[in-house]
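Colleague: For reference, the structure I am asking about is given below.
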Amino acid sequence: MKKSKRILIIRPDRIGDVILSTPLIREIKRSFPDSFLAVMVNPYTKDVLLNNPNINQIIIDNSKDLSKKYFFQQVKLIRSYKFDIAMMLLPTERHSWMLFLAGIPNRIGVGTKLYQVLTFTKSVSRNKYIPLRHEADYCMDFGRKIGITPISLDTEIFITEEEKKEFISIHQEEFKFFNSILNRKIIGIHPGSNKSAPNWKIENYIHLAKLLLDNPNNIIVLTGNNDEIHFAPKFKSLNSSRIINFIGKLSLRELCILISFFDVLVSSSTGPMHIAAGLKIPTVSLFCTLTACSPTLWGPLGNKSKIMTPPLDFCNNFCKDDPHNCDFNDSISINEVVNNINILINEQEKL
């Protein structure tokens with residue numbers, strides 16, 4: 001009898017990166033339905049993988065704990081699962097040695113770092129990003145390496161009806177207000193990015209909210225993490241009861257649940273954009289055209305989306321030195337963002 005595969009995928013980086021690994025997870029399980037598939041992530045990002053039917057086990061790895069004791073505890077834990085394949089979607093020296101010492105026979109990374117050579121790690125190549133493909137497609141190269149022919153690159157996040165009901169119960173006042181407005185549309189605005197991506201100035205998001213409030217059916221919901229709490233008071237100048245502030249008030253899982261109620265989300269190229277895509281919630285997203293930040297590489301997958309970028313010559317001239325600090329300098333029209341929001345909402349109404 002043929003032994004079923006036991007596969008470990010390691011994705012130790014940010015929310016969006018983990019979500020962009022979900023197509024690989026799904027396609028592996030589709031190709032090898034009897035396989036045991038585990039995913040190792042940081043404690044914070046596990047929430048985007050909860051209830052994923054393609055994952056047998058989520059393994060938490062606190063990459064901030066650099067003690068030898070913790071390292072060898074993790075080696076022992078990994079060894080206990082008896083994996084025969086391990087995929088490091090973002091190779092690190094720590095994980096390379098961890099998998100080597102855990103005795104996993106087939107270990108795959110990206111590139112040819114010295115520590116990968118020393119640990120006899122196999123590799124997939126990104127060919128210097130020529131031609132430029134999507135990050136999810138680069139991840140899928142790991143699946144192709146073990147014989148998978150992928151069908152789709154759509155991302156996915158799974159929220160249960162029970163989670164939604166519990167969230168509504170906890171936030172009864174907000175949802176009573178939502179339901180009191182006839183034909184209401186919930187528009188999420190995520191104004192922060194922690195400089196992980198080019199982004200508008202906060203004043204542009206405030207102006208956007210002001211224009212959206214001209215439609216009495218629109219409700220604005222603000223999202224963000226604890227580091228972005230300072231944005232919330234800036235929207236108070238609009239003096240509207242139709243702006244609901246959730247910035248810094250939710251866990252990552254709760255944020256996923258909240259976004260599942262949106263009609264559209266507006267943001268830069270951030271984790272919440274990928275959360276919305278994984279939930280099939282429409283997005284209007286602000287992107288730089290430079291390769292490192294390009295929507296070709298990092299755009300949302302699996303949802304209806306509108307990508308907004310400055311003219312090509314703007315990025316080449318103004319933000320090439322450090323695109324993460326770029327604020328687009330008003331090169332992306334606020335009115336055009338409003339138009340795209342309305343287009344997406346109208347498309348949803350026709351379905």
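Colleague: Sort by residue number and name the cysteines in the chain that have no neighbouring cysteine Cβ under 4.7 Å.
Modeller: C139, C256, C315
Colleague: Between segment 1-39 and segment 80-94, what is the separation of their alpha carbon centroids in Å?
Modeller: When both Cα centres are located, 11 Å separates them.
Colleague: Between L77, L37, L90, where does the largest GNM mean-square fluctuation fall for the chain, given springs only between Cα atoms within less than 10 Å?
Modeller: Of the options given, L77 has the highest mean-square fluctuation.
Colleague: Taking a quarter of the surface of the Cα convex hull of segment 105-157, what do you get in nm²?
Modeller: 4.9 nm²
Colleague: Is segment 6-83 rounded, prolate or oblate when judged by the Cα gyration tensor, a ≥ b ≥ c being the square roots of its eigenvalues, rounded requiring a/c under 1.5 and prolate requiring a/b larger than b/c?
Modeller: The shape class here is oblate.
Colleague: Next up: Kirkwood Rh over alpha-carbon pairs of the chain, then Stokes-Einstein at 10 °C and 1.306 mPa s: what D in µm² s⁻¹, rounded to an integer?
Modeller: Once the numbers are plugged in, D ends up at 74 µm²/s.
Colleague: Moving on to the next point. Per residue Cα convex hull volume for segment 1-160, in cubic angstrom?
Modeller: 120 Å³
Colleague: Please report how far the C-alpha centroid of segment 270-285 lies from that of segment 155-227, rounded to the nearest whole angstrom.
Modeller: 12 Å
Colleague: Counting every Cα pair in segment 134-187, what percent are over 15 Å apart?
Modeller: 67 percent
Colleague: I need the Debye-formula profile for segment 186-281: one equal scatterer per C-alpha, no solvent, reported as log10 I(q)/I(0) at q = 0.18, 0.24 1/Å, two decimals.
Modeller: Debye output, listed in q order: -0.77, -1.42.
Colleague: I've got another one for you. For segment 267-319, count the residues as N, evaluate 2.2 N^0.38 Å, and divide the Cα radius of gyration by that value, please.
Modeller: So the Cα radius of gyration is 1.13 times the expected 2.2 N^0.38 Å.
Colleague: Using +1 on the beta carbon of Lys and Arg, -1 on that of Asp and Glu, and nothing else charged, what's the dipole of segment 237-351 about the Cα centre, debye to 20?
Modeller: 460 debye
Colleague: May I have the pair-distance distribution P(r) for segment 174-214, computed from all Cα-Cα distances with 5 Å bins from 0 and rounded to whole percent?
Modeller: Taking all Cα pairs of segment 174-214, the binned fractions are 5, 18, 22, 19, 16, 11, 7, 2 percent.
Colleague: Rounded to the nearest 500, what is the 222 nm mean residue ellipticity of the chain from helices alone, with -39500 (n - 2.57) per DSSP H run of 4+ residues and division by all residues?
Modeller: After summing the helix terms and dividing by residue count, I get -10000 deg cm²/dmol.
Colleague: Sticking with this structure for a sec: When N is the residue count of segment 33-118, what does its C-alpha Rg come to as a fraction of 2.2 N^0.38 Å?
Modeller: Computed over Cα atoms of segment 33-118, the ratio equals 1.09.
Colleague: Which log10 I(q)/I(0) values, to two decimals, does segment 65-194 give at q = 0.12, 0.14, 0.16, 0.18 Å⁻¹ under the Debye formula with one point per Cα?
Modeller: Debye intensities relative to I(0), on a log10 scale: -0.74, -0.85, -0.93, -1.03.
Colleague: Tally up the carbon and sulfur contribution to the accessible surface of segment 1-160 as a whole percent, 1.4 Å probe, everything protein left in place.
Modeller: Accessible surface attributable to carbon and sulfur in segment 1-160 totals 59 percent.
The values are calculated or read from the model by the stated rules, or taken from the named source; none is laboratory data. All values derive from a computational prediction rather than experimental measurement. Every residue, glycine among them, receives a Cβ derived from its backbone with ideal geometry; neighbour counts consider all protein chains shown. Remember, those area values only see protein heavy atoms, side chains included, never the ligands or the DNA or RNA. Shrake-Rupley method; radii C 1.70, N 1.55, O 1.52, S 1.80 Å.
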